[in-house]
Amino acid sequence: MSFRPLPPRMRQIPPRKSAILSVLDVGASKIVCLIARLTPMEPSEALRGRTHRCKVLGIGHQRSSGVKGGAVVDLQAAEHAVRLAVDAAERMAGVEVGGVIVNMSGGLLASQRFSAKAALRGKTVSEHDIHRVLEAASSANAHPGRTVLHALPTAFSLDATRDVLDPKGMIGEELGVDLHVASCDQAAARNLMLVVERCHLRVEAMVATPYAAGLSTLIDDEAELGAAIVDFGGGSTTVGVFRGGRLIHVDAVAVGGVHVTRDIARGLNISVIDAERLKTLYGACIASQSDDRESVAINRLGDDMDHPSHLPKSELLRIIRPRVEEILELVRDRLRASGHAAQAGRRLVMTGGACQLTGLPEFARSVISNQARIGRPLGIEGLPESGKNPSFAAAVGLLVYPQMAGLEFFEPTRSVMPHAHVEGGYAARVGRWLKASF
């Protein structure tokens, strides 16, 4: 029995076809909806895998609610936040959204690898042979309670020849393949889909957050030579490893920027809102000579709001640094345990809103890799200045994903072509609402 992914799978957008896409980045701190037009373009040297130019038409940005650690914990609150984000994007773009590509940050992201071989008996490798060996590799059942997000062939072999990129048309006795399967907790995927469907929208595909972040921030040479993406989200930190231009590993730890904010709130006895403000304005991971001289004003819980307290900036650093160090060490240990520490050592790219703490790249170089940088979305038009930062990497990557969907192998139970307009307009939406409600 082949893997039967729970979310619908998306066919790759044809290279010469234009489309309007809608994507939804559902996180623990924010929810972002982007509507963009994809138009065919000539191949780029830096981003050779992309076939289309993306231009953002509408953007909706909303504080998240009902999501914790990348998983839905309150359906009604999450639905309300998604509705607000989608409505804002629709109004800006003048487009009615019918379906969205969503990301998955929670659900205990994990990877499995499978190998298989098929006899050729000296014949030329055909499409049928490639499909046959991929089918054999995917025949192992996933763990109970897990659902497949991605099934990516990472390497083919032909007899003794390894790392064959495309075996079609070649001659040999035996064809082999290595298949990387990224999965998540089935209940987490179902609940995320349920939130979207309660908004009377289709889920067209579900993409692991580190995969999306890598698609938007890595140039081709980085993905080819080996790099690790670390997406510092609000409720979780997710990891993706790329090599040979393919995603070869995903992982996640259930600690993120929200935990840093709560540490500040508890340590200074202030509200969570004030703690988030302090983290954003003054947060840092590495001390500077002026930290003891500079002071920040805080309003402690129960104190007179008209008479704030003052404390040195170094006190904030003493609270933030241990938690950030914990996250980086967890990521480092997970990469070592997976056997992919070498790729992370070559290049570490950090994305997500929580990676914008002052000094984080330098701190990461001392803990994980001496080559670390902040990743920002590449090759995207129409984003406002506030959107050209690491916190929008995953959302932009969801727009890139339909151009790469053809790399995956799956047995389509229900495949869809990317589009945003609703067939039949208002009447079709009412029909779906009646069907869902009665």
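Hey, Gly107 hits all of (1) of a type outside the set (Asp, Glu); (2) open to solvent by 30 Å² or more (accessible area, probe 1.4 Å); (3) assigned to a loop (DSSP other than H, G, I, E, B); (4) under 21 Å from Ser338 (Cα atoms) but one; which does it fall short on?
(2)
Checking Ser369 against (1) buried (at least 18 other Cβ atoms within 10 Å of the Cβ); (2) in a helix (DSSP H, G or I); (3) polar (S, T, N, Q), only one condition comes out false. Which one?
(2)
Would you be able to tell me the number of residues in segment 346-360 that are open to solvent by 30 Å² or more (accessible area, probe 1.4 Å) and more than 18 Å from Ala252 (Cα to Cα)?
Count: 4.
I'd like the residue in segment 29-40 that is surrounded by fewer than 24 Cβ atoms within 10 Å (Cβ to Cβ) and touching a residue at least 40 places away in the same chain (Cβ under 8 Å) and, out of all such residues, is nearest to Ser386 (Cα to Cα).
Lys30
Can you tell me how many residues in segment 111-128 are exposed (fewer than 13 other Cβ atoms within 10 Å of the Cβ) and over 28 Å from Val148 (Cα atoms)?
Residues that pass the stated criteria total 4.
When you check Val196 against the structure, is it over 28 Å from Arg365 (Cα atoms), among the β-branched types (Val, Ile, Thr) and at pLDDT 95 or above, yes or no?
Considered against the rule, which asks whether it is over 28 Å from Arg365 (Cα atoms), among the β-branched types (Val, Ile, Thr) and at pLDDT 95 or above, Val196 comes out as yes.
State yes or no: is Ala213 open to solvent by 10 Å² or more (accessible area, probe 1.4 Å) and either in a helix (DSSP H, G or I) or in contact (Cβ under 8 Å) with a residue 40 or more places away in the chain (or both)?
Taking the combined requirement at face value, the residue does not satisfy it.
So which residues in segment 344-376 are touching a strand residue (DSSP E or B) at 6+ places or on another chain (Cβ under 6 Å) and of a type in the set (Gly, Ala, Ser)?
Across segment 344-376, the qualifying residues are Ala344, Gly352, Ala354, Gly359, Ala364, Ser369, Ala372, Gly375.
I need the full set of residues from segment 164-186 which are within 20 Å of Leu109 (Cα to Cα) and open to solvent by less than 10 Å² (accessible area, probe 1.4 Å), in order please.
Result: Leu179, His180, Val181, Ala182, Ser183, Cys184.
The values are calculated or read from the model by the stated rules, or taken from the named source; none is laboratory data. Here the structure is a predicted model, which is why all the values come from computation and not from measurement. Don't worry about glycine lacking a Cβ; one is built from the backbone with ideal geometry, like all the others, and counts go over all protein chains shown. Only protein heavy atoms, including side chains, enter the accessible area calculation; ligands, DNA and RNA are left aside. Shrake-Rupley method; radii C 1.70, N 1.55, O 1.52, S 1.80 Å.
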